[in-house]
Structures are given as structure tokens and as C-alpha cells.
1. ARG108 passes all but one of (1) of a type in the set (Lys, Arg); (2) open to solvent by less than 80 Å² (accessible area, probe 1.4 Å); (3) within 23 Å of GLN2 (Cβ to Cβ); which number fails?
2. Starting from residues that are of a type in the set (S, T, N, Q) and farther than 18 Å from PRO87 by Cβ, keep the ones in the stretch 1-50 and report whichever is modelled with the lowest pLDDT.
3. Mind telling me which of the residues GLY41, GLY54, GLY65 ends up being assigned to a loop (DSSP other than H, G, I, E, B), of a type in the set (Gly, Ala, Ser) and in contact with a strand residue (DSSP E or B) (Cβ under 6 Å, 6 or more places away or on another chain)?
4. Of the numbered conditions (1) open to solvent by 20 Å² or more (accessible area, probe 1.4 Å); (2) under 18 Å from MET102 (Cα atoms), TRP35 fails exactly one; give the number of that condition.
5. Would you please name the residue that is most open to solvent (accessible area, probe 1.4 Å), looking only at residues in the stretch 39-70 that are of a type in the set (S, T, N, Q) and farther than 18 Å from THR118 by Cβ?
6. Cβ-Cβ distance below 6 Å, separation of 6 or more or different chains: which pairs start in the stretch 45-73 with a residue that is in contact (Cβ under 8 Å) with a residue 12 or more places away in the chain and on the phi > 0 side of the Ramachandran plot and end on one that is open to solvent by less than 70 Å² (accessible area, probe 1.4 Å) and in a strand (DSSP E or B)?
7. I'd like the full set of residues that are out of contact with any Ser or Thr (no Cβ under 8 Å at 6 or more places or on another chain) and touching a residue at least 24 places away in the same chain (Cβ under 8 Å), limited to the stretch 102-112.
8. Being in contact with a Phe, Trp or Tyr (Cβ under 7 Å, 6 or more places away or on another chain), open to solvent by 80 Å² or more (accessible area, probe 1.4 Å) and in contact (Cβ under 8 Å) with a residue 24 or more places away in the chain is true for just one of THR99, THR118. Which residue is that?
Amino acid sequence: VQLVESGGGLVQAGGSLGLSCAASRGTFSSFVMGWFRQAPGKEREFVASISGSGGRTLYADSVKGRFTISRDNDKRTVYLQMNSLKPEDTAIYYCAGSTGIMYGSSRRSDYDDWGQGTLVTVSS
């Protein structure tokens with residue numbers, strides 16, 4: 001499935017930004033969706049995931065309480081609402097999809113399809 005992210009940009013520390021990821025085809029409600037990010041010089045890391053129904057979510061400790069993942073299966077879109085942003089949140093954010101897991105995962109290897117990424121820059 002093709003995934004296309006949007007919504008990245010420049011924001012000041014303490015601000016908010018929302019990301020979207022649209023899927024082109026497939027039975028979207030059967031996909032577990034995740035968000036990952038990669039900062040310059042660092043490995044890609046897990047941010048959040050959501051089950052196909054949206055009933056189960058998982059967050060990295062670093063974003064828990066600040067970020068919210070959600071989905072609209074009718075629109076074939078997953079969202080990441082980011083609040084209280086910090087400079088260390090600066091990264092390229094990628095959405096990913098999986099049909100091989102049920103509830104969500106923080107492991108990159110569990111995801112089959114990836115978007116091209118969208119850059120989020122948080123200034124101090």
C-alpha cells in the first residue's frame with residue numbers, strides 16, 4: 001500500500017503540529033499503523049502505533065502525554081497530533097503500515113509499508 005504523509009513544518013518549542021498519512025489502497029481497517037521518526041545522525045525510532053479499529057494505541061515514553069495517534073478508516077488516514085513540542089522532537093516523521101500484527105508494535109521490522117517522510121523542525 002502506498003502511504004503519503006503531510007503536515008510537517010517548522011514550529012516553536014511548546015507549540016503544536018498535526019501530521020496526516022493517507023493510504024492509497026487496501027483494506028485500511030485491517031492495517032495496524034505506526035509513526036516513527038529519524039533525527040539527523042540517529043536511528044529511526046518508534047513514536048506511536050494504533051490498531052486497525054483504533055481501539056488500542058501504543059506510545060514511546062518520550063512522547064507519552066504529548067502526542068496522540070488516531071485514525072479515520074473511512075478516510076483511510078492516520079493522524080499524529082503533537083503538542084508541547086520540544087527541540088528534540090525535530091526529525092523526519094514516517095508513517096508505516098502492517099497487516100501482519102494485530103494490535104500495534106514498536107518494532108520497525110513488523111511494518112511492511114512506509115511513507116516517504118515529512119520533516120518536523122522544532123525551534124528553541
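1. (2)
2. Going through the stretch 1-50, the residues of a type in the set (S, T, N, Q) turn out to be 2, 6, 12, 16, 20, 24, 27, 29-30, 38, 49.
From the residues that got through so far, the ones that are farther than 18 Å from PRO87 by Cβ too are 2, 6, 20, 24, 27, 29-30, 49.
Working: GLN2: 93, SER6: 96, SER20: 98, SER24: 92, THR27: 88, SER29: 92, SER30: 92, SER49: 98.
Result: THR27.
3. Details: GLY41 fails: in contact with a strand residue (DSSP E or B) (Cβ under 6 Å, 6 or more places away or on another chain); GLY65 fails: in contact with a strand residue (DSSP E or B) (Cβ under 6 Å, 6 or more places away or on another chain).
From the options GLY41, GLY54, GLY65, the qualifying one is GLY54.
4. So the condition that TRP35 fails would be (1).
5. Just the residues of the stretch 39-70 that are of a type in the set (S, T, N, Q), to begin with: 49, 51, 53, 57, 62, 68, 70.
Narrowing further to those that are farther than 18 Å from THR118 by Cβ: 51, 53, 57, 62.
Details: SER51: 5, SER53: 103, THR57: 70, SER62: 61 Å².
Restricting to residues being of a type in the set (S, T, N, Q) and farther than 18 Å from THR118 by Cβ, the top hit is SER53.
6. GLY54/ARG71
7. Residues of the stretch 102-112 out of contact with any Ser or Thr (no Cβ under 8 Å at 6 or more places or on another chain): 107-109.
Passing the criteria: ARG107, ARG108.
8. Working: THR118 fails: open to solvent by 80 Å² or more (accessible area, probe 1.4 Å).
On inspection, the qualifying residue turns out to be THR99.
The values are calculated or read from the model by the stated rules, or taken from the named source; none is laboratory data. None of these values were measured; they are calculated from a predicted model. Note that each Cβ is placed from the backbone with ideal geometry, even for glycine, and that neighbours are counted across all protein chains shown. In case anyone asks, the SASA skips ligands and DNA or RNA and just uses the protein heavy atoms, side chains included. Shrake-Rupley method; radii C 1.70, N 1.55, O 1.52, S 1.80 Å.
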